[in-house]
Amino acid sequence: EARESRGRMLREKGEGAGAVEPRNGAENGAAAVVVEEEHELTRKRPRDDEDGERDGAAAEDASGRGAEPRASEGGAAAAHDRARLDAQARAKRETVEIAQLEAGGALHAAPPPECAPSRELEALFVLPAVLKRQLVDDWEFVTKERKLVQLPRDVTVQALLRLWLSSKAKARGGVVDQACKDVAEGLELYFDAALGNMLLYRFERAQYNRLVLLTTQRGDVFQASKVYGAEHFLRLLTKMPVILSKLNVDSADITTIADNCADLAKFIQFNGKLFFPR
């Protein structure tokens, strides 16, 4: 009975073990799959991390490479903006200069405030509209078309002033007012002194320097009024307010000068074909 009892117990244990085996095997298999998946995840995770690091590094490199072109593009854009602003500034300066010419004002930069003439003085020296147009045409001829007048002129400033005095003498029975003579002499002196300092455009400077050099090499003194003509003399007339504002001239003399300059301007306008042949 003891042996049967032990055998029965063994059989029950064996049947129990046999019944449990499949369940334990399935669980073990599932567990093995889970373990394998965990191992797989564990194996993948470092690679994923490494891939992530590589992707991050690649992204940084890409962003770095992308930043350089953007930086260069930004520099190019800034240069383009600067060029555009410079072009606008040049156009504005040219527009202002044309406006000054048309208004009979300064040919170059305006004088400093302390040297600027008064409005009353400027109002005394206003050119006729035809001569204002001639000034603008002359400005375009030199600065836009890059051309120069041929020198010496057929009718120089000195000759122009003598023709004006002759016309005054004819109108007054052969007698010329001393004030006219004084104004003509003063304008000639002003022109000789002012031409190289304030009456030339930049493009005309080399021509002027060559003339001065050739004259001094011959042992002579360069006198602009014997070389230049009405084109440059008109520029002097527009600068008279600036010149007189720097001199100690009383109001009566300024009025005399202004009246004679106005008469001289009308004379130049009336004989425009003679003085402006081109």
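The values are calculated or read from the model by the stated rules, or taken from the named source; none is laboratory data. Here the structure is a predicted model, which is why all the values come from computation and not from measurement. Reconstructed Cβ throughout: ideal geometry from the backbone, glycine too, with neighbour counts over all protein chains shown. Note: accessible area is taken over every heavy atom of the protein model, side chains too, but ligands, DNA and RNA are not part of it. Shrake-Rupley method; radii C 1.70, N 1.55, O 1.52, S 1.80 Å.
Structure values in brief
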quantity	calculated
Charge sum, other residues only, whose C-beta stays under 15 Å from Val221's C-beta, Lys/Arg counted +1 and Asp/Glu -1	-1
Inter-probe distance in nm under a simple model that places probes 7 Å from Cα toward Cβ, at Met198 and Leu211	1.9
List Thr156, Thr255, ordered by accessible area with a 1.4 Å probe, largest first	Thr255, Thr156
Accessible surface of the range 149-278 [probe 1.4 Å, protein heavy atoms]: carbon and sulfur percent	52
For the range 160-278, projected area of the alpha-carbon convex hull averaged over all directions, nm²	8.7
